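Working notes, structure below.
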Amino acid sequence: MDSIAIELRGIDKSFGPVHANKNINLKVRKGTIHGVIGENGAGKSTLMSILYGFYQADSGEIHVDGKQVTIRDPNAAIAAGIGMVHQHFMLVENFTVLENIMLGAEESQILNKGIAKAREELKRLEREYALEVNPDAVIEELPVGLQQRVEILKALYRRADILILDEPTGVLTPAEADHLFRVLEQLKSQGKTIILITHKLREIMAITDEVSVMRRGEMVATRKTAETSVEELAELMVGRRVLLRVEKGEAKPGDVKLSVNGLTVKDGRGVTMVDNVSFNLRAGEIVGIAGVAGNGQSELLEAISGIRRAVSGEVHLNGKPINVTGHVDPKDLRDRGLAHVPEDRHHVGLVLKFEECENAILGYHHDKRYLNGVFLNVDAIRKDAEQRIAEYDIRPPNARLKTANFSGGNQQKIVLAREMERSPDVLIIGQPTRGVDVGAIEFIHKRIIEMRDQGKAVLLVSVELDEIRALSDRILVMFAGRIVGERDPDATEGELGLLMAGVEGRKEAAE
Amino acid sequence: MSNPYAKLPGWVEYGLVPLVNLAVAFLVAGLVVLLVGENPLEAAYHLINGAFGRGEYIGFTLYYATTFIFTGLAVAVAFHAGLFNIGGEGQAYVGGIGVALACLWLDQTMPWFVVFPLAIIGSALFGAAWAFLPGWLQAKRGSHIVITTIMFNFIASSLMVYLLTRVLKPLGSMSPQTRTFAEGGQLPKLDWLLSIFGLDIGTAPFNVSFLLALVAAFGVWLLIWRTKLGYEMRTMGHSPSAARYAGMSESRITVITMMISGALAGMMALNPIMGEQGRMQLDFVQGAGFVGIAVALMGRSHPAGIIPAAVLFGVLYQGGAEISFEMPSISRDMIVIIQGLVILFAGALENMFRPAITRLFSTSSRRAAVVAQTKGA
Ligand SMILES: Nc1ncnc2c1ncn2[C@@H]1O[C@H](COP(=O)(O)OP(=O)(O)OP(=O)(O)O)[C@@H](O)[C@H]1O
Ligand SMILES: [Mg+2]
């Protein structure tokens, strides 16, 4: 029957004291889509990095098409027919699509000859897999979805038969994700083998043939997708039952904590990103802003939190104005009770090269508790960080570890712990669970609701419609920089979807 | 993938990798020596002997090292905030004014330990002022520091020529330099320090500014890793967007960092002016500002790395001079080539051998793990 495309036997890998992969065995059948899931830090990316030659396993064997291979570096992986689409794309931003695809695979010293050939080959691939992109477009001008397509083409151009995708949908809009899945189906029908890592169990159920579950460095189960359920997978991942539904009581809205009036924000190129937006946020409620990524949500958060200057409009925090059109000191806003979990934890919310405890005070480093005059009170900083690590179950529990070496979900917990711990009046959160596993999502959602129940005002922006619907007491839908409608959380997905696509909104505005 | 290579044990990372780089640099330098028809082993002998052969030589080596510690620290401080200050040369040069003024003012009436603190303050102030302008221009006007600091090196050079030929030169003197300072303007040598090791300092100008350099190194460590300002500098250096999010003012940090960097570069002037010459001459910096870049790179911007790196360059300077003295066919320029090779391998090509060493270590640690397992079973 089916042959095996990839077999891993006894793969073991440690980073110092962290045992990231423990004696992993995995068989991936040829011509199937194989999901790999597991908590943050379970070791999924490490395993794939070993398969792609980024890391060397401490012990174990890799077999491709029944033959044992040694994969010392990515070139060896490519030679063995393995391609990888990275979560953070590895494209040269100011090169064209064609140049990126050829890079490192130029077939002749004379570039012109190679270019013509490559263009031909690229056309063939595009036709075969329905992966249209303009070969002469410059990468930085393409939307993320298309950039990802270039990554896939790059792998196919190198004749990959096995494609690894590490959390490919984290950065995609729902429509882009749908398209990606159609492409993957197409690739599968052409006999390619696909390994898909994701935290979204719905995606696993929708597209994979088999799914393997990792937990704390071990491979704990492999199931046929048709024979399992979301509940079972979640339980296998976390090792206990997981509440996939958020439980929350009635909201008891109080005073207005944050009021936004006619806020207009432009981006660096002068394009209006937030267009005359007004709303109120009350104590004890969660207001969710739904919308497809890129419709002004990011700029709205940045303007309110003082990182980006607004063109016009007013924002009041606890009844007192924030000078959003002038100079705002984010420190001052923190002192006034505003906390902000930024969307982009890698570049904004954290300094990845810092030790965990250094990130635990980012933005709060003026706090007298952490200072002795001009000096940092290192003992107090570490002690606080350790306490927070315990409360938020951040793993590994090491305040001196470099932040880059924490997994995505744990990095997010570091930010959340820092922003929630001081019990702010107003909490603005962007993408609270991007790239975060089900167990951590449950935890984070619980914390957000606890904040609300303590009478805090929470403004939530997320591209995950499920998340918005589960957490919010009121939903505002943003499209093209405007708020095009307000709905209750029990509004149907279809209704919200139409609003997010700008269809309903135009009608409403016209009336 | 932020770090495609596994982490190495500390002694490999900070000991073996630099040593391998250095060894290769010397190997290639040896080839160059061979090329001009000389014996590389003989050159190596003269290098080592010239740097360490006698108490006096060691004194010279450490004298140069003192200079490079200051300029290396200057570059490193700016690095931590993501700023590339290549104006150490000019800042050190202008820093000399502060030293000279303090000495010319008080050298005849006060002992050195009164003049020295004032000279330190003077050199730091003038150096900082010279770095303030590029810092301010970047913060307020967006002019890039790499460009402006380089330009300020040239301005400093012209300014100093003017000052030394017109203003600070004593009447009737023919050479572009200040008058020679009296006792109070000359730093005591560290002969007692060398004599602890049974060494005789001879004529070497190894002086108390070396101790100041060590204090400065400790101060930089404190600043970068133990103060709020250092925390802000590092945040900005790693991620300007995170710094903005945290409410740190980019322009404020840029200006302050540049001033600290300039002050450290300026303090370098103490060593040649008060420690060696006893007067301020034209071109007393002699490229030390640029060597500081290499020292900071090699020392990974950490004081504990900068001190040994500065000593290494001290060896190259002092031992190199000895080579060109003993082997006339190897000119001063050849020595510069050798220094360049060290910079190339230890700084720019720092990662050339790392993958191979990493691989070596992952295989050997794997073997060790297997052995441990079989033993355990
Ligand atoms: N280069 C490294 N140095 C030290 N520890 C590392 C390194 N890379 C990963 N780790 C650790 O190894 C473990 C596994 O990490 P890995 O990135 O494989 O998890 P993951 O399953 O991909 O998680 P996520 O879902 O958050 O992406 C984690 O505990 C992580 O902290
Ligand atoms: Mg991962």
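Overview of values
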quantity	calculated
Flag if A:Val171 is outside any helix (DSSP H, G or I) and farther than 25 Å from A:Thr46 by Cα	no
Condition met for A:Leu98 (touching a residue at least 60 places away in the same chain (Cβ under 8 Å), away from ligand 2 (no atom under 16 Å from the Cβ) and not in a strand (DSSP E or B))	no
Selection from the stretch A:320-351 of residues that are in a loop (DSSP other than H, G, I, E, B) and either at pLDDT below 95 or more than 11 Å from chain B (Cβ to nearest Cβ) (or both)	A:Asn323, A:Val324, A:Thr325, A:Gly326, A:His327, A:Val328, A:Asp329, A:Arg336, A:Gly337, A:Pro342, A:Glu343, A:Asp344
Qualifying residues in the stretch A:37-76 (those that are in a loop (DSSP other than H, G, I, E, B) and β-branched (Val, Ile, Thr)) - the one farthest from ligand 1 (Cβ to nearest atom)	A:Thr70
Condition check for A:Leu427: within 16 Å of ligand 1 (Cβ to nearest atom) and buried (at least 23 other Cβ atoms within 10 Å of the Cβ)	no
Any pair with Cβ under 7 angstrom, 6 or more apart, that starts in the stretch A:363-380 at a residue that is at the interface with chain B (Cβ under 7 Å from one of its Cβ atoms) and ends at one that is assigned to a loop (DSSP other than H, G, I, E, B)	A:Gly363/B:Ala246; A:Gly363/B:Gly247; A:Leu371/A:Asn377
Residue in the stretch A:432-445 that is away from ligand 1 (no atom under 16 Å from the Cβ) and crowded, with 22+ Cβ neighbours inside 10 Å present	no
Number of the condition not met by B:Thr180 [criteria: (1) crowded, with 16+ Cβ neighbours inside 10 Å; (2) part of a loop (DSSP other than H, G, I, E, B)]	(1)
Of the criteria (1) part of a strand (DSSP E or B); (2) more than 9 Å from chain B (Cβ to nearest Cβ), which one A:Cys357 fails	(1)
Residue that is nearest to the chain's Cα centre (by Cα), among those in the stretch B:95-146 that are polar (S, T, N, Q) and under 25 Å from B:Gly278 (Cβ atoms)	B:Ser123
Selection within the stretch A:180-210 - crowded, with 19+ Cβ neighbours inside 10 Å, more than 16 Å from ligand 1 (Cβ to nearest atom) and in a helix (DSSP H, G or I)	A:Leu180, A:Leu184, A:Leu187, A:Ile207
Selected residue [touching a residue at least 24 places away in the same chain (Cβ under 8 Å), part of a loop (DSSP other than H, G, I, E, B) and on the phi < 0 side of the Ramachandran plot] from A:Val246, A:Val213	A:Val246
Residue that is farthest from ligand 2 (Cβ to nearest atom) [pool: residues in the stretch A:37-74 that are more than 14 Å from chain B (Cβ to nearest Cβ) and more than 18 Å from A:Ile194 (Cα to Cα)]	A:Lys67
Test: A:Asn405 is surrounded by fewer than 24 Cβ atoms within 10 Å (Cβ to Cβ), of a type in the set (S, T, N, Q) and in contact (Cβ under 8 Å) with a residue 40 or more places away in the chain	yes
Selection within the stretch B:25-67 - outside any helix (DSSP H, G or I) and either touching a helix residue (DSSP H, G or I) at 6+ places or on another chain (Cβ under 6 Å) or acidic (Asp, Glu) (or both)	B:Glu38
Which listed residue, of A:Asp437, A:Asp425, is touching a Gly at 6+ places or on another chain (Cβ under 6 Å), within 16 Å of ligand 2 (Cβ to nearest atom) and in contact (Cβ under 8 Å) with a residue 40 or more places away in the chain	A:Asp437
Selection status of B:Gly237, without any contact (Cβ under 8 Å) to a residue 24 or more places away in the chain and out of contact with any Cys (no Cβ under 8 Å at 6 or more places or on another chain)	no
Residues located in the stretch A:394-411, provided they are in contact with a Gly (Cβ under 9 Å, 6 or more places away or on another chain) and either hydroxyl-bearing (Ser, Thr, Tyr) or more than 9 Å from ligand 1 (Cβ to nearest atom) (or both)	A:Ser407
B:Phe79 being in a loop (DSSP other than H, G, I, E, B) and either closer than 19 Å to B:Pro308 by Cβ or aromatic (Phe, Trp, Tyr) (or both)	no
Helices (runs of 4 or more DSSP H) enclosed by the stretch B:228-329 - at least 2 residues per element that are at pLDDT below 95 and either within 30 Å of B:Ser175 (Cα to Cα) or among the small types (Gly, Ala, Ser) (or both)	B:288-298, B:303-326
Residue selected from the stretch A:158-179 under the condition at pLDDT 90 or above and not acidic (Asp, Glu), by the criterion farthest from ligand 1 (Cβ to nearest atom)	A:Ala160
Some residue of the stretch A:1-11 being over 30 Å from B:Leu360 (Cβ atoms), acidic (Asp, Glu) and more than 16 Å from ligand 2 (Cβ to nearest atom)	yes
The stretch A:381-414, subset farther than 14 Å from A:Cys357 by Cβ and more than 16 Å from ligand 2 (Cβ to nearest atom), residue nearest to the other protein chains (Cβ to nearest Cβ)	A:Glu391
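Every residue, every condition in (1) on the phi > 0 side of the Ramachandran plot; (2) within 22 Å of the chain's Cα centre (by Cα); (3) among the β-branched types (Val, Ile, Thr), yes or no:
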site: A:Ile11; (1), (2), (3): no, no, yes
site: A:Asn21; (1), (2), (3): no, no, no
site: A:Ala42; (1), (2), (3): no, yes, no
site: A:Leu51; (1), (2), (3): no, no, no
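The values are calculated or read from the model by the stated rules, or taken from the named source; none is laboratory data. These numbers come from a predicted model, not from an experiment. Heads up, the Cβs are rebuilt from the backbone with ideal geometry, glycines too, and the neighbour counts pull from every protein chain shown.
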